[in-house]
Amino acid sequence: MEKEFNTFKNVIRLPHKYAAGPTYTKFYNGLKESKILGTRCPSCAVTFVPARSFCPKCMKNLDTWVEVAQEGEVQTWTYAGKDFFGIPGKAPVVIVLVKLDGTEGSFLHLIGGINLESADTVKKALRKGTRVKAVWNEEKKGHMLDIKYFAPLSKKR
Amino acid sequence: MADRVGIVEVAMTPGAESKDNFLDQVFRTSKELLDKAGISRDEVGTVVSASSDVFHGGVSCASSYYWDAGAAFLKNASRQDGESLFAFIYAVMRILSGNYSTAMVLGVCKGSENPANDMLTHFFTDPFYQRQIGLNETVAAALQKREYMTKYRITEEQCAAVVVKNLGNALKNPYAHVKKRVSVEDVLASEMVMEPLRKMECAPKSEGMIAMLLAREDVAVKLTDKPVWFKGYGSSMDHFYLGDRDLLNGQLGTAAAKAYEMAGITNPKKEIHVAEICEPYSFQELLWCEDLGFCDRGKGGKLIESGATGPGGKIPVNPSGGVLAHNPYVTRGLYRLAEGFLQVRGQAGERQLGRKVTTALAHGTHGFAGQCHAVVIIGK
Ligand SMILES: [Zn+2]
């Protein structure tokens, strides 16, 4: 539809670079070695994943490093059947919050290794409490997606 | 409080794309406000605005751009970027400081100009972690919705009923953007965006310029015979990372408790006559109703089924149509407050509630899955 008045189009491109700092650097170097690293607060004993440099509750510096479990339980998930801006890779994807064993919060990542054809096929393999395990990419880039996804563990375990 | 602060007047634009330029809209809204209140620009003590620069506005340091149009040049004026009700409370505080007898709150948003909201909310994330996983506001809401449905057996039909009610209410609201009579089936048949969220369960992208004049009690009663008084306020922030939070027990309860205490409200179900709630996603209205104390935890679905939150119900929620009907992203909290103001005044036109309205609640939320909440209570 033609508009009565003109519009001006403008694409704003802003190339930022973000300092990872020592804590994220160590965490991402850990991913390169197929390790998920966290930091533990000496006051409240909470283990943060990804590793964090401070505890927001206790206002403490965190420098106690722990390698955390690569297995955990699904808390909640969403299924995208179509690409969207910022999507990691290509649709379909399942974005999930996983509570890794031995940690308090949950970890935002992807689900794979199951039939992603539709939300219904995903529902057959996934529910709250489903046990999942990290599956790693062969090639590591020091990026969150060095973990390819979390895949449900086979039932017999 | 030593002095009372009253809302004297409100001016605002409708949500659909207008032919006007951004500055024209800011100017006309500001002028309409001053004309309605019968004061000149010189008589405005201070201006506090709500806007978002680069991302929603496409102009960096946006406030420097619109001060002229917003009656604010040569004044002590400032801008906040976040929940727009913060701009309201900052203006109230400026009056309570004793330095100003009047303050103008100005919220600017021309949603028709910005790209899809989720292209922008994707950049609300941190670049190291959540952004790499593709998080945006709708992904976060979808994660929250599934958790809500799973834990409390909230049904898809109950969530869809919010859309039916709000888009229906909006039919009577000349400022609303999306208004239509729809059925639960229509909502459930709409395209799945981020399962379990469907397109009609997600708020649109709207325009919304709004200006509000506040005044100290002695000045307010001279400017209008129908001032609506500020009674209470509370806000609270949750953790940033989704994984650190209980998505079903966020900070709205804390914010509401503070606002109720300040306003002297002990039984919100009875004492709040109308609530305007910020529900960018269908199910959030149900969850936020629980947090506000309108029903017990987990009973938000039953609440809407009972009809209590309809325009003729015991606790009408979003007679304006809410955010599902009109989503000027960075001013949506102020629009909730404006509707509460009109309802208390008895000037809400066709959508004026049949019941007595002396106390109204306005709620705003910003950030993912309700990271930040603000609650304002106003009344006669
Ligand atoms: Zn701690």
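Just so you know, all these numbers are worked out from the coordinates, no wet-lab data involved. This is a predicted model, so every value here is computed, not measured. Cβ sites come from the backbone with ideal geometry, for glycine too, and all protein chains shown count toward neighbours.
Figure legend. Inter-residue proximity from the range A:49-75: first residues without any contact (Cβ under 8 Å) to a residue 12 or more places away in the chain, second residues within 16 Å of the ligand (Cβ to nearest atom) and in a loop (DSSP other than H, G, I, E, B), beta-carbon distance below 7 Å, spacing 6+ or different chains. Indicated pairs: A:54/A:62; A:56/B:239; A:61/A:53. The residue pairs whose first member lies in the range B:306-317 and is under 15 Å from residue B:158 (Cα atoms), whose second member is surrounded by fewer than 19 Cβ atoms within 10 Å (Cβ to Cβ), and whose beta carbons are closer than 8 Å, counting only pairs six or more residues apart or on different chains, are B:306/B:313; B:307/B:313; B:308/B:314. Each residue in the range A:1-37 was checked for being outside any loop (DSSP other than H, G, I, E, B) and within 12 Å of another protein chain (Cβ to nearest Cβ), and 7 pass.
In a residue-by-residue description of the range B:71-88, the property of being farther than 20 Å from residue B:278 by Cα and assigned to a helix (DSSP H, G or I) applies to no position. The one condition from (1) more than 14 Å from chain A (Cβ to nearest Cβ); (2) within 30 Å of residue A:10 (Cβ to Cβ) that residue B:174 does not meet is (2). Scan the range A:51-61 and give yes if some residue there is away from the ligand (no atom under 12 Å from the Cβ) and within 21 Å of residue B:125 (Cβ to Cβ), otherwise no. Yes, that holds for at least one residue. Scanning the range A:110-154 for residues that are charged (D, E, K, R) and away from chain B (no Cβ under 11 Å) turns up A:117, A:124, A:131, A:133, A:138, A:139, A:140, A:148. None of B:180, B:145 is without any contact (Cβ under 8 Å) to a residue 40 or more places away in the chain and either in contact with a helix residue (DSSP H, G or I) (Cβ under 6 Å, 6 or more places away or on another chain) or among the hydrophobic types (A, V, I, L, M, F, W, C) (or both) except B:180. Would you be able to say whether some residue in the range B:21-31 is within 14 Å of chain A (Cβ to nearest Cβ) and either buried (at least 23 other Cβ atoms within 10 Å of the Cβ) or in a loop (DSSP other than H, G, I, E, B) (or both)? Scanning the range B:21-31, I find at least one residue that is within 14 Å of chain A (Cβ to nearest Cβ) and either buried (at least 23 other Cβ atoms within 10 Å of the Cβ) or in a loop (DSSP other than H, G, I, E, B) (or both), so the answer is yes. Which is within 14 Å of the ligand (Cβ to nearest atom) and surrounded by 19 or more Cβ atoms within 10 Å (Cβ to Cβ), of A:64, A:103? Residue meeting the stated conditions: A:103.
Selection of the range B:323-380 for residues being hydroxyl-bearing (Ser, Thr, Tyr) and part of a helix (DSSP H, G or I) yields only B:335.
Yes/no per residue for (1) assigned to a loop (DSSP other than H, G, I, E, B); (2) more than 20 Å from residue B:281 (Cα to Cα); (3) touching a Ser or Thr at 6+ places or on another chain (Cβ under 6 Å):
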| residue | (1), (2), (3) |
| --- | --- |
| B:180 | yes, no, no |
| B:200 | no, no, yes |
| B:213 | no, yes, no |
| B:219 | no, yes, yes |
| B:226 | yes, yes, no |
| B:247 | yes, no, no |
| B:259 | no, yes, no |
| B:265 | yes, yes, no |
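In the set B:120, B:143, B:106, only one residue is more than 11 Å from every other protein chain (Cβ to nearest Cβ) and either under 26 Å from residue B:369 (Cβ atoms) or not in a helix (DSSP H, G or I) (or both); that residue is B:106. For the range A:18-48, a residue qualifies if it is within 14 Å of the ligand (Cβ to nearest atom) and touching a residue at least 24 places away in the same chain (Cβ under 8 Å), and the qualifying residues are A:38, A:39, A:40, A:46, A:47, A:48. Considering the conditions (1) surrounded by fewer than 24 Cβ atoms within 10 Å (Cβ to Cβ); (2) within 23 Å of residue B:84 (Cβ to Cβ); (3) charged (D, E, K, R), residue B:201 is excluded by exactly one of them, (1). Just to verify a result, which residue in the range A:1-42, among those that are in contact with a strand residue (DSSP E or B) (Cβ under 6 Å, 6 or more places away or on another chain) and of a type in the set (Lys, Arg), is farthest from residue B:119 (Cα to Cα)? Result: A:40. Quick check: anything in the range A:84-92 touching a Leu at 6+ places or on another chain (Cβ under 8 Å), surrounded by 13 or more Cβ atoms within 10 Å (Cβ to Cβ), more than 8 Å from chain B (Cβ to nearest Cβ) and closer than 20 Å to residue B:136 by Cβ? Scanning the range A:84-92 turns up at least one residue that is touching a Leu at 6+ places or on another chain (Cβ under 8 Å), surrounded by 13 or more Cβ atoms within 10 Å (Cβ to Cβ), more than 8 Å from chain B (Cβ to nearest Cβ) and closer than 20 Å to residue B:136 by Cβ.
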